[in-house]
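The values are calculated or read from the model by the stated rules, or taken from the named source; none is laboratory data. Fair warning: this is a prediction, and the values are worked out from it, not measured in the lab. Cβ coordinates were reconstructed from backbone atoms using ideal geometry, including for glycine residues, and neighbour counts include every protein chain displayed. Quick note on the areas: whole protein, heavy atoms, side chains included, nothing else; ligands and nucleic acids left out. Shrake-Rupley method; radii C 1.70, N 1.55, O 1.52, S 1.80 Å.
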Amino acid sequence: LDAPLTTDSVLLHTGVSVALSEVARRCGRLTDSMRWAEHAVAGAVTLEPTAPERIMATLVLLSAYADSGAWEPASMVAAELLEIIDDIEENHLAGLACWAAGAVYFFADQAEAASLFDRALSLLDPAANLRLWGRLCRSAAAHQVATGNLTAAESLLDRATGALNLVGTPADRALVAEVRLAARLRAGELAYGSGEADLDLELSGLSTQD
C-alpha cells in the first residue's frame, strides 16, 4: 500500500485495501478485515458514490462488520448503501448491494429484508455467474424459512440445488442441505435431535451472506 504506484492511484489503493480485507476475513482475522475495509472506504471517498470501486469497498466493509457481529454499524452502512441503490447503474453491483443489505436486515430482524432479497434475485443474472446466483437463492430461502414461508423457500431451494449441483463446492451444497433441513424441521417433518438431522458442515471462511 505504501508503494508510489499504489499511493498515487485512488482506484489501485482502494482495490488493494479491499483485497487485503477479503484475505483477512477468509483467514478469520475479523479485526484486520474491518480495519482494511474501513481503510478502503476512506480511500475511496473522493470517488463518485456510485463508482464501482467505492461500492465494492462499502460492500466489503458491510460484510466485515456483519461477520464480526457489529450489527449497529453494519445496519448504518446498509442504510447508507440503500440510499443510493437506485443510482447504481450496473445490475450486478446493485444486486450484490441488495443481497448484502438484505442479509444484514435479516439478522437485525427488519422487515425490509424480504424485498431486498427479491430485488437481488431480479438483478443478478444466473447466466453471468451461476454459482453466485445459486448462493443467493439459498440465502433467500433461509430467510423464507425463518419467516415461515416454506412454499417460497422450497422453490428457492430447488433453484439453488440445480445451480450448485452444477457449479458449487461441497460447502455450497452442504449449506443448501442445511437450509432444506431447517425447512423440514420448521414444517414438523423431522424432530430436533433426530439422526437424520445430523450434518457434517465445513463452514470456515463463509460470509454473513452465506
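Taking residues in the range 7-35 that are more than 20 Å from Gly69 (Cβ to Cβ), and partners anywhere that are assigned to a helix (DSSP H, G or I) and among the hydroxyl-bearing types (Ser, Thr, Tyr), the pairs with Cβ atoms closer than 6 Å and at least 6 places apart or on different chains are Leu12/Thr6; His13/Thr6; Val16/Thr6.
Does Glu89 satisfy being open to solvent by 50 Å² or more (accessible area, probe 1.4 Å), farther than 16 Å from Thr14 by Cβ and under 16 Å from the mean Cα position of the chain (by Cα)? Explain how you work it out, then say what you get.
Details: open to solvent by 50 Å² or more (accessible area, probe 1.4 Å): yes; farther than 16 Å from Thr14 by Cβ: yes; under 16 Å from the mean Cα position of the chain (by Cα): no.
Taking the combined requirement at face value, the residue does not satisfy it.
Considering the range 1-16, and only residues there that are loosely packed, with under 12 Cβ neighbours inside 10 Å and not in a loop (DSSP other than H, G, I, E, B), the residue that is modelled with the highest pLDDT turns out to be Pro4.
Counting only residues that are touching a helix residue (DSSP H, G or I) at 6+ places or on another chain (Cβ under 9 Å) and open to solvent by 40 Å² or more (accessible area, probe 1.4 Å), how many does the range 17-29 have? Before the answer, list the steps.
Going through the range 17-29, the residues touching a helix residue (DSSP H, G or I) at 6+ places or on another chain (Cβ under 9 Å) turn out to be 17-27, 29.
From what's left, open to solvent by 40 Å² or more (accessible area, probe 1.4 Å): 19-20, 22-23, 26-27, 29.
Counting residues in the range 17-29 that are touching a helix residue (DSSP H, G or I) at 6+ places or on another chain (Cβ under 9 Å) and open to solvent by 40 Å² or more (accessible area, probe 1.4 Å) gives 7.
Can Ala44 be described as in contact with an Asp or Glu (Cβ under 7 Å, 6 or more places away or on another chain) and either surrounded by fewer than 16 Cβ atoms within 10 Å (Cβ to Cβ) or more than 25 Å from Ala146 (Cβ to Cβ) (or both)? So Ala44 fits the description; yes.
Only one residue in Ala103, Ala153, Ala108 is in contact (Cβ under 8 Å) with a residue 24 or more places away in the chain, within 24 Å of Arg54 (Cβ to Cβ) and surrounded by 24 or more Cβ atoms within 10 Å (Cβ to Cβ), so which one is that? Explain how you work it out, then say what you get.
Values: Ala153 fails: within 24 Å of Arg54 (Cβ to Cβ); Ala108 fails: surrounded by 24 or more Cβ atoms within 10 Å (Cβ to Cβ).
So the residue among Ala103, Ala153, Ala108 that is in contact (Cβ under 8 Å) with a residue 24 or more places away in the chain, within 24 Å of Arg54 (Cβ to Cβ) and surrounded by 24 or more Cβ atoms within 10 Å (Cβ to Cβ) is Ala103.
Whenever a residue of the range 120-132 is under 21 Å from Leu175 (Cα atoms), its partners that are modelled with pLDDT of 95 or more and in a loop (DSSP other than H, G, I, E, B), lying with C-beta atoms within less than 6 angstrom and at least six residues away or across chains, give the pairs Arg131/Gly168.
Per the conditions (1) crowded, with 16+ Cβ neighbours inside 10 Å; (2) within 24 Å of Ala24 (Cβ to Cβ), the sole criterion not satisfied by Gly69 is (1). Within the range 156-206, the residues that satisfy the criterion of being of a type in the set (A, V, I, L, M, F, W, C), modelled with pLDDT under 85 and either open to solvent by 30 Å² or more (accessible area, probe 1.4 Å) or part of a helix (DSSP H, G or I) (or both) are Ala191, Ala197, Leu199, Leu201, Leu203, Leu206.
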